[in-house]
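Just so you know, all these numbers are worked out from the coordinates, no wet-lab data involved. These figures come from a predicted structure and were not determined experimentally. Virtual Cβ from ideal backbone geometry, glycine too; neighbours counted across all protein chains shown.
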Amino acid sequence: MATRIDKEACREAYNLVRDDGSAVIWVTFKYDGATIVPGDQGAEYQDFIQQCTDDVRLFAFVRFTTGDAMSKRSKFALITWIGENVSGLQRAKTGTDKTLVKEVVQ
């Protein structure tokens, strides 16, 4: 079965991270069967790190704030995580599924 993405829900989660007024600095996109859906989100980077376990594959959109007291800038990253215990077939599909996530995360 071909992988699908819930574009509307994923775009809402993506926009939360992009919004400078939001406390949310990261969101994960996980697999629910053959559909990619928004997963967890949070305001602490350490909470995101805990999502990256050996048995999951996920995508994440993360905001980093850099700069000094005079100038702060937000930088964004799209992360693909494939845990060590993920099967070879799922690993291969993750690469092609990233295209679906990139349609939302621009």
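Nearest 10 degrees, 0 to 90: what angle lies between the long axis of helix 7-18 and the longest principal axis of the chain (Cα atoms)?
30
Test of understanding: what is the full-extension gain from Phe76 to Arg91, defined as 0.36 nm times their sequence separation minus their Cα-Cα distance?
Numbers: separation 15, 0.36 × 15 = 5.40 nm, distance 2.40 nm.
Result: 3.0 nm gained on full extension.
Collect residues whose amide H, placed 1.01 Å from N in the peptide plane, falls under 5 Å from the amide H of Gly39; neighbours closer than 5 in sequence don't count.
Under 5 Å from the amide H of Gly39: Thr28, Phe29, Lys30.
Treating only the Cβ atoms of Lys and Arg (+1) and Asp and Glu (-1) as charged, compute the dipole magnitude of the chain about its Cα centre; round to the nearest 20 debye.
Numbers: 14 positive and 15 negative charges, 92 e Å.
Here the chain has a charge dipole of around 440 debye.
Considering the Cα trace of the chain, what is its radius of gyration and what is Dmax, both in angstroms?
Rg then Dmax for the chain, in Å: 14.3, 51.
Test of understanding: ordering Thr35, Thr94 by Cβ neighbours within 10 Å, fewest first, what list do you get?
On the way: Thr35 14, Thr94 19.
Taking fewest neighbouring Cβ atoms as first place, the list is Thr35, Thr94.
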